[in-house]
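Have a look at the structure below before the remarks.
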Amino acid sequence: MEPLALGVMLAVGENPLERVKHVRQMGFPTVQMGVPPPKFATEEAKAELRAALAEAGVIVTTVFCGFAGESYADIPTVRRTVGLVPKETRAVRLDRAREIAQFAKDIGSPRIAIHIGFVPEEPDDPDYPACVETLRQLADHAGSLGLQVTLETGQETASTLKRFIQDSRRDNVKVNFDPANMILYGSGDPIEALDHVGQWVVGTHCKDGKWPTEEGQLGHEVPLGQGDVGIEEFVTKLFNLGYRGPLTIEREITGEQQTRDILMAKELLEGIRAKLLSG
Ligand code: MG
């Protein structure tokens, strides 16, 4: 893979093969893929997907875990429903995440990514040790398949994320850094956050957003380059920390506007990338 290879985050939905074709049409060499519905986990469907990716010349750099019942409507809902932190669904989702890791391995992805949920900010929170143990179990399973587990940034502060990774004591736990999420959730300046967790970053979402204006509300996502991230500064800092992994555009809207915004972001990143690689 080329250094700072451009990529796009792809929700594969009901038609993974069509979506792969779309990535190719947009001209991306890499993709981060949302997990397709369980019916695509058959050997036949996986072989078909591998063939489509090979034909398109698209490399899968991660498979994103998603779970039934998650909602990103507002911060309290995210807290209640997202990831492996909510207790009621933890065991069943951990099993599902193990299946997703197997799927990732089978289609040739070197890692999975997960929004683990709101990791408790206080290390003496009674549920914190169980969250660490859950991460270890997932990391050990992924490790047995030769995969990394990347934690998507956003819901917690960078210092909490750093502590959580260190407490896991697992070398295959890494970070998929989404700078816009830090802003949308009001969890801290993303560029400063790299000082805490930069060494673990193996993937990134090139996404932009505006800070929330009201307590408990999410900020709002905007096209890349139009928000508060400072994307050139962000990518440059990552680069200076030694990052050469993919730059994966994420734009969480749908339809033709999504494609237009993604292509605009691609052009913006191509310029930043060329400058960094030639300098
Ligand atoms: Mg993201």
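The values are calculated or read from the model by the stated rules, or taken from the named source; none is laboratory data. Bear in mind that the values here come from a model prediction, so they are computed numbers and not experimental data. We place every Cβ from the backbone using ideal geometry, glycine too, and count neighbours over all the protein chains shown.
Here are the numbers for this structure:
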| read-out | value |
| --- | --- |
| Breaking point among (1) under 23 Å from Tyr72 (Cα atoms); (2) within 16 Å of the chain's Cα centre (by Cα), for Val201 | (1) |
| Sole residue being over 18 Å from Pro37 (Cα atoms), buried (at least 16 other Cβ atoms within 10 Å of the Cβ) and acidic (Asp, Glu), chosen from Glu122, Glu156, Glu70 | Glu156 |
| Near pairs, Cβ below 6 angstrom, 6+ apart or cross-chain, from segment 141-154 (under 26 Å from Glu250 (Cβ atoms)) to any residue that is in a strand (DSSP E or B) and within 11 Å of the ligand (Cβ to nearest atom) | Thr150/Ala113; Thr150/Asn176; Thr150/Gly203; Glu152/Ala113; Glu152/Asn176; Thr153/Phe177 |
| Among residues of segment 136-159, those that are within 14 Å of the ligand (Cβ to nearest atom) and on the phi > 0 side of the Ramachandran plot, counted | 1 |
| Criterion: modelled with pLDDT of 95 or more, of a type outside the set (S, T, N, Q) and surrounded by fewer than 21 Cβ atoms within 10 Å (Cβ to Cβ) - qualifying residue of Asp228, Asp178 | Asp228 |
| Residues being away from the ligand (no atom under 16 Å from the Cβ), out of contact with any Lys or Arg (no Cβ under 7 Å at 6 or more places or on another chain), β-branched (Val, Ile, Thr) and more than 23 Å from Glu122 (Cβ to Cβ) - total across segment 160-215 | 1 |
| So Arg80, is it more than 25 Å from Ile262 (Cα to Cα), free of Cβ contacts under 8 Å to residues at least 40 places away in the same chain and among the basic types (Lys, Arg) | yes |
| Complete set of residues in segment 147-170 that are out of contact with any His (no Cβ under 6 Å at 6 or more places or on another chain), more than 17 Å from Val78 (Cα to Cα) and among the charged types (D, E, K, R) | Arg163, Asp167, Arg169, Arg170 |
| Odd one out for Met264 among (1) over 17 Å from Asp189 (Cα atoms); (2) within 19 Å of the chain's Cα centre (by Cα); (3) touching a residue at least 40 places away in the same chain (Cβ under 8 Å) | (2) |
| Among residues of segment 181-208, those that are at pLDDT below 95 and within 22 Å of Gly7 (Cα to Cα), counted | 0 |
| Residues (more than 16 Å from the ligand (Cβ to nearest atom) and within 24 Å of Val60 (Cα to Cα)) located in segment 115-135 | Leu135 |
